[in-house]
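Visitor: The structure under discussion is supplied below as structure tokens; questions concerning it will follow.
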Amino acid sequence: MSARAYPCSEQEKFSEFDFWVGNWEVRGPGGQIAGSNRIKSAQKGCVLLENWTSATGGKGMSINYVDKTTDEWVHIWNSEGGSQINIRGSLTDKGMLLVGNIHYVANATTAPFRGTWTLLSDGRVRQFFEQSNDEGETWVPWFEGFYTRINNND
């Protein structure tokens, strides 16, 4: 009965991104504090919810889920500064790789965008975002953060 009532908790695909669940301190590649992030599983494992606070106080959030019509992970991000990210993809040997677009509300521009979340051997997670300003010919770093778990209560 529970597999029928709560199918996401019974399907392995929905747990592929669980390595990102937790309370995190996030640092940039040089070790500087970038912010904190809380990622939690919701809706009986069907959704991951992200709540980000930057070191300067900016906030953003995302919803992450498996689109079972395509069997892809989807990451939908919105920040108070008006950046909107809509990317999708799957778990690869390099981590969770999602590709799509970023849209900037302030100037109504859209660009190709991709992100990779990689579980590191020490338990940290590396999040690396890139944007293309030439329709995908070349990519420039947009954000790189190294997540260190604050506690294991989630």
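The values are calculated or read from the model by the stated rules, or taken from the named source; none is laboratory data. Since the model is a prediction, treat every value here as computed from it, not as a measurement. For neighbour counting, all protein chains shown are included, and Cβ atoms are generated from backbone atoms with ideal geometry for every residue, glycine included. Side chains included, ligands, DNA and RNA excluded: accessible areas come from the protein's heavy atoms. Shrake-Rupley method; radii C 1.70, N 1.55, O 1.52, S 1.80 Å.
Visitor: Keeping the other protein chains in place, figure out the carbon and sulfur percent of the accessible area of the range 54-154, with a 1.4 Å probe. Intermediate results must be reported in sequence, preceding the final value.
Guide: Numbers: 2910 of 5600 Å².
Exposed carbon and sulfur together represent 52 percent of the surface.
Visitor: Excluding same-chain pairs closer than 8 in sequence, count the lysine pairs in the chain whose Cα atoms lie under 24 Å apart.
Guide: So the count of such lysine pairs works out to 9.
Visitor: List the relative contact order of the range 68-154 as a percent without decimals, with contacts defined as Cα pairs under 8 Å and 6+ residues apart.
Guide: 17 percent
Visitor: With springs only between Cα atoms under 10 Å apart, run a GNM on the chain and tell me which of Ala55, Ala108, Ala34 wobbles the most.
Guide: Ala108
Visitor: What order do Asp134, Asp122, Asp93 take when sorted by accessible area (1.4 Å probe), most exposed first? Before the final figure, lay out each step's value.
Guide: On the way: Asp134 60, Asp122 95, Asp93 150 Å².
The residues order as Asp93, Asp122, Asp134, largest area first.
Visitor: Just check the range 8-66 against the gyration tensor rule for me: Cα atoms, a ≥ b ≥ c as the square roots of the eigenvalues, rounded for a/c under 1.5, and otherwise prolate or oblate depending on whether a/b exceeds b/c.
Guide: Prolate.
Visitor: Counting other Cβ atoms within 10 Å, which trypsin sites (Lys or Arg not before Pro) in the range 8-57 have at most 16 and lie in a DSSP loop?
Guide: Lys44
Visitor: Can you give me the Cα centroid spacing of the range 1-60 and the range 70-123 in angstrom?
Guide: Taking the Cα centre of the range 70-123 as reference, the centre of the range 1-60 is 13 Å away.
Visitor: ³J(HN,Hα) across the range 30-47 via Karplus (A = 6.51, B = -1.76, C = 1.60, θ = phi - 60°), whole Hz, x for Gly/Pro?
Guide: x, x, 6, 5, 9, x, 10, 9, 10, 10, 9, 7, 9, 6, 6, x, 7, 9
Visitor: Rounded if a/c is under 1.5, else prolate if a/b is larger than b/c, else oblate: which is the range 66-128, with a ≥ b ≥ c the root eigenvalues of its Cα gyration tensor? Intermediate results must be reported in sequence, preceding the final value.
Guide: Details: a/c = 2.54, a/b = 1.52, b/c = 1.67.
The shape class here is oblate.
Visitor: Quick one: if you take sqrt(5λ) for each eigenvalue of the C-alpha gyration tensor of the chain, what semi-axes come out, biggest first, whole angstrom?
Guide: Values for the chain, descending: 25, 20, 15 Å.
Visitor: How much area per residue is accessible in the chain when the probe is 1.4 Å and only protein heavy atoms are counted (Å²)?
Guide: Solvent-accessible surface per residue comes out at 55 Å².
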